[in-house]
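Before any comments, here is the structure.
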Amino acid sequence: MRWSPIQKNPESYQKNPNLLDYAKTVVTFSWETMRNAFQGLPLAKGLNIAHEAVDRHADGPLRNRVALQWLGSEGASRAFTYADLKGQTSRFANILKGLGIGKADTVCVLTDRIPELYIAALGTLKNTSVFCPLFSAFGPEPIFQRLRKGDAKILLTTERYYRKKVSQLMDDLPSLKQVLLVDAKEHLGNDLLSFHKLMEESSDIYAIPPTDPEDIAVLHFTNGTTGMPKGALHAHGAALIHYMTGKFVMDFHPDDIFWCTADPGWVTGTSYGIISPLLHGITNIVDESDFDAMRWCQILASQKVTVWYTAPTAIRRFMRMGIDPVRQYDLSHLRLIHSVGEPLNPEAVVWGQKAMGLPIHDNWWQTETGGIMIANYPAMEIRPGSMGRPLPGIEAAIVQRTGKDRVKVIETAGVQGELALRPGWPSMFRGYLHDEARYRQCFVGGWYLTGDLAKRDADGYFWFVGRADDIIKTSGHMVGPFEVESTLMEHPAVAEAGVIGKPHPLIGEIVKAFVALKKGFAPSDELRQDIIGFARKKLGSAVAPKEIAFKPDLPKNKAGKIMRRLLKARELGLPEGDLSTLEDSE
Ligand code: AMP
């Protein structure tokens, strides 16, 4: 764990960071004080994210401040002030109410990053319904699984996505009452309604009903290594962490212009691409396009972005391009860069300094934690390669499982173990939907076990080592091998499939599948392409395997379970480890 501190550029750096003295704040911190930042609902006690993020600003001095600056991929742009956003989100909440959708009902959104997505998200929260974003690069299969498991009552999407990804499976989605189409001018049927027509007809006045901080607000699907995706449930009270991390990690100040590049289909794009900046009443940039280095530089410069939250995959792509193209842009407004989602290489931290005049601050969290838990704070010395130190109010530790219900905290610095958090932080997931047993399994001996392996150094900085399970991280997105294997098995030629993450210099890992064929099928390039095409059509490009290798059979344990660990070790030429559980071992 060697590191070299980076000198910050005092000219472009925040002179008054919100978190000035980490050690002191850890001691003096109280959740109660943080809670004072919230107003509470006008008519009833409680906490509603949309009230705190939109309405209270719209009713005060920030009324005309741009809340959402949307940049379309074709060059169009739209700005929504807090007042605009209040009206639009109230209209959407009224639509839901009119359709009989109420508290705890799930509203799914399957669109690209268009303004309607953001309006629907916040309108759903106003109505105390549950917002569930679906990543638009998913194919029909993952979308169907999530709509069904999430008991979606309403789906907001586009005509194209509806026809391509949803329409053929409608009969198997009995809870889905109505589909709202963003681009339909007229209603296309009783259950296929025009979003804009409904918006026009709805009132822009809406009184948010009483909302308890424990009411469920957001449903995010994440992956395990066994079984289909898990639906992590988050409550309105999570806003406390979104606010606090906006203050301490993102270091939001009133004039900030913030850009989080993540899609709301992943938790970062909701917690920080929607909620956190709006809670602070600042301007939030939304870009419809996918990664394009030059376009991104242009956005940073032209929108005068001050705080930027992105991911290692994007930074590595920038690095490949070199420094000169980036230096052509005026990035003088940029004062902080943050990264999340996968390990941030120490070279990337240094690259930020060279190319953009700023180091890159890594932070760590996951879908289940709802918000940032460990971070490199602006005023704290960065240790390149480290995820930073736990938030004030958050207790993190490295632990080792010592029994079914027991863990031991590893006190010695530098020793690897599982990263654990003391349960009870405000944005902690409140459950996995319909899966109480799986939820309970996450908590052992008074700790929440994250599934990540890490180390802690003598000064309390945490260093990521890897996953404790077979989860794949590709372009910063979690892919569950089981979901991919299940789809591959549906191909007529596939008898067995085992899926692993294969390290890739740019996107972290690629999804690689090992396939054993049924009798009567022989390996060929044509068949490989056919299986890849089949998987892409069903799963979408974000999830489908990029590589397929044919094997006569796959290694299994004595219970007949495919040993992904062994497939991976053999693929990477690593030691094969303990083989005593292998099916054909003595
Ligand atoms: P997700 O739930 O999709 O947000 O993925 C969470 C997982 O991403 C974590 O459990 C880690 O495995 C990984 N991850 C997130 N942030 C970092 C980071 N800063 N460094 C290394 N891995 C990370």
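Identify, from the list GLY424, GLY501, GLY520, GLY460, the residue that is small (Gly, Ala, Ser), part of a loop (DSSP other than H, G, I, E, B) and touching a residue at least 60 places away in the same chain (Cβ under 8 Å).
Selected residue: GLY460, the only one of GLY424, GLY501, GLY520, GLY460 that is small (Gly, Ala, Ser), part of a loop (DSSP other than H, G, I, E, B) and touching a residue at least 60 places away in the same chain (Cβ under 8 Å).
Give the number of residues within segment 524-576 that are acidic (Asp, Glu) and over 30 Å from ASP263 (Cβ atoms). Give the steps one after another, and end with the answer.
To start, the set of residues in segment 524-576 that are acidic (Asp, Glu) comprises 525-526, 530, 547, 553, 571, 576.
From what is left, the residues that are over 30 Å from ASP263 (Cβ atoms) are 525-526, 553, 576.
So the count comes out to 4.
With respect to PRO505, is the statement that it is within 15 Å of the ligand (Cβ to nearest atom) and within 30 Å of TRP364 (Cα to Cα) true?
Here the answer is no, as PRO505 does not meet what is asked.
So if I check each of GLU411, GLU342, GLU418, which one is open to solvent by 10 Å² or more (accessible area, probe 1.4 Å), more than 14 Å from the ligand (Cβ to nearest atom) and not aliphatic (A, V, I, L, M)?
GLU411
Restricting attention to helices (runs of 4 or more DSSP H) lying wholly within segment 227-343, give those where 3 or more residues are modelled with pLDDT under 95. So that I can check it myself, show each step before the final result.
Values: elements: 239-248, 267-270, 276-279, 293-302, 312-321, 324-327.
Of the helices (runs of 4 or more DSSP H) lying wholly inside segment 227-343, those with at least 3 residues that are modelled with pLDDT under 95 span 312-321, 324-327.
Test of understanding: among ALA468, ALA516, which residue is more than 21 Å from the chain's Cα centre (by Cα) and more than 14 Å from PRO142 (Cβ to Cβ)?
Details: ALA468 fails: more than 21 Å from the chain's Cα centre (by Cα).
Within the list ALA468, ALA516, the selection yields ALA516.
Kindly provide the set of residues from segment 256-282 that are open to solvent by 10 Å² or more (accessible area, probe 1.4 Å) and more than 15 Å from the ligand (Cβ to nearest atom), ordered by number.
ILE257, HIS280
Being within 16 Å of the ligand (Cβ to nearest atom), more than 15 Å from the chain's Cα centre (by Cα) and either open to solvent by less than 10 Å² (accessible area, probe 1.4 Å) or in the same structural domain as GLY72 (by TED's automatic domain parsing) (or both), is that true of even one residue in segment 320-330?
Just the residues of segment 320-330 that are within 16 Å of the ligand (Cβ to nearest atom), to begin with: none.
No: segment 320-330 contains no residue that is within 16 Å of the ligand (Cβ to nearest atom), more than 15 Å from the chain's Cα centre (by Cα) and either open to solvent by less than 10 Å² (accessible area, probe 1.4 Å) or in the same structural domain as GLY72 (by TED's automatic domain parsing) (or both).
Kindly list, by first and then second residue, each pair from a residue in segment 217-229 that is on the phi > 0 side of the Ramachandran plot to a residue that is within 16 Å of the ligand (Cβ to nearest atom) and of a type in the set (A, V, I, L, M, F, W, C), limited to pairs with Cβ atoms under 7 Å and residues at least 6 apart or on different chains.
Matching pairs, first to second residue: GLY227/PHE482.
Can you name every residue in segment 149-190 that is acidic (Asp, Glu) and either within 29 Å of the chain's Cα centre (by Cα) or at pLDDT 95 or above (or both)?
Correct list: ASP151, GLU159, ASP172, ASP183, GLU186.
Which condition from (1) open to solvent by 10 Å² or more (accessible area, probe 1.4 Å); (2) of a type outside the set (Ser, Thr, Tyr); (3) in contact with a helix residue (DSSP H, G or I) (Cβ under 6 Å, 6 or more places away or on another chain) is the one that ALA67 breaks?
Answer for ALA67: the failing condition is (1).
What are the residues in segment 361-392 that are part of a loop (DSSP other than H, G, I, E, B), more than 9 Å from the ligand (Cβ to nearest atom) and open to solvent by 10 Å² or more (accessible area, probe 1.4 Å), if any?
ALA379, MET380, GLU381, ARG383, PRO384, GLY385, listed by residue number.
Within segment 463-475, which residues are more than 8 Å from the ligand (Cβ to nearest atom) and outside any strand (DSSP E or B)?
ALA468, ASP469, ASP470, SER475
Could you please find all residues in segment 29-46 being in a helix (DSSP H, G or I), touching a residue at least 40 places away in the same chain (Cβ under 8 Å) and not aliphatic (A, V, I, L, M)?
Matches in segment 29-46: TRP31, ARG35.
Yes or no, residue by residue, for (1) of a type in the set (A, V, I, L, M); (2) open to solvent by 40 Å² or more (accessible area, probe 1.4 Å):
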{"residue": "HIS491", "(1), (2)": "no, no"}
{"residue": "ALA497", "(1), (2)": "yes, no"}
{"residue": "ILE500", "(1), (2)": "yes, no"}
{"residue": "PRO503", "(1), (2)": "no, yes"}
{"residue": "LEU506", "(1), (2)": "yes, no"}
{"residue": "ALA513", "(1), (2)": "yes, no"}
{"residue": "LYS518", "(1), (2)": "no, yes"}
{"residue": "GLN529", "(1), (2)": "no, yes"}
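The values are calculated or read from the model by the stated rules, or taken from the named source; none is laboratory data. This is a predicted model, so every value here is computed, not measured. Because the Cβ atoms are built from the backbone with ideal geometry, glycine has one as well, and the counts that use them run over all protein chains shown. Only protein heavy atoms, including side chains, enter the accessible area calculation; ligands, DNA and RNA are left aside. Shrake-Rupley method; radii C 1.70, N 1.55, O 1.52, S 1.80 Å.
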